[in-house]
């Protein structure tokens, strides 16, 4: 076989668009392409950034950041108790600071996402390679994370839809889409903080992303798929225990 025939016989990699659509239909193919060809993650990053800012614009126009902050205060019993004896000036100052922080978090969302991906990627790299003998590269895991987070765009669309059917004073920025038992069945103002945190953890979009991360992690590390599930969901259990314990202690 000459050089021309070799080039013709070589498999063609997926385009970035094919990777994005593939994550919803044939995710293994997307992750194999990341493993074998390109570890580029720019397109899902751009898509998620766009959806983040669309959500920010929708919340800001429909609810308003001050109302978002006041809702969070009303939904937290300890915050209500702390502010019960505050003067109007102190309350206004507290609301103003919280509004600035909330806006800043929204605007810095894509950058915070990069930081989160770096931290999570490092943890997964250490877990899969050193504990389970994987051969993953950090750049591969980083790309797997961003492609696996794409289902969160669906959650954002559901959250934007909720904005138009829910009274502004009931909007909960920390749990804005009906994708988990806490959002569907619990009132954050009257429910046990620990129970609410536990139910919030069983989010269908979040679990979908974790399944994708498990598949992708196993693929790029060259280990059994069950090992990917063990690593990802093992860390998830630890995080849920910490989150529920923190909510029980500090509510």
Using only helices, what value at 222 nm comes out for the chain when you add -39,500 (n - 2.57) per DSSP H run of length 4 or more and divide by the total residues, to the nearest 500 deg cm²/dmol?
-> -23500 deg cm²/dmol
Per residue and in cubic angstrom, what volume does the convex hull of the Cα atoms of segment 110-181 have?
-> 113
Highest-MSF residue in the chain out of 76, 85, 172 [GNM, Cα springs under 10 Å] | 85
Equivalent-ellipsoid semi-axes of the chain, from the Cα gyration tensor, Å, largest first = 40, 21, 15
Quotient of Cα radius of gyration and Kirkwood radius for segment 2-150, i.e. Rg/Rh, equals 1.18
Based on the alpha-carbon gyration tensor of segment 97-246, what equivalent-ellipsoid semi-axes (square roots of 5 times the eigenvalues) come out, in whole Å, largest first?
-> 31, 17, 14
Using only Cα atoms, find the angle between the long axis of helix 138-148 and the longest principal axis of the chain, and express it within 0 to 90 degrees, rounded to the nearest 10.
-> 60
For segment 17-85 and segment 184-244, distance of Cα centres in Å | 16
Tell me, what does the Kirkwood hydrodynamic radius of segment 165-251 come to in angstroms if you use every pair of distinct C-alpha atoms?
-> 14.4
May I ask for the angle, rounded to the nearest 10°, between helix 152-163 and the longest principal axis of the chain, with both axes built from Cα atoms and the value confined to 0 to 90°?
-> 30
On a 0 to 90° scale, report how tilted helix 88-107 is relative to the longest principal axis of the chain, with both axes built from alpha carbons and the result rounded to the nearest 10.
-> 10
For peptides 121-130, 108-117, sequence by mean Cβ density within 10 Å, most packed first = 121-130, 108-117
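Values in this text are rule-based calculations from the coordinates and carry no lab data. The structure presented is a predicted model; accordingly, all values stated were derived computationally and were not measured. Positions of Cβ are generated from backbone atoms using ideal geometry, with glycine treated the same way; all protein chains shown enter the neighbour counts.
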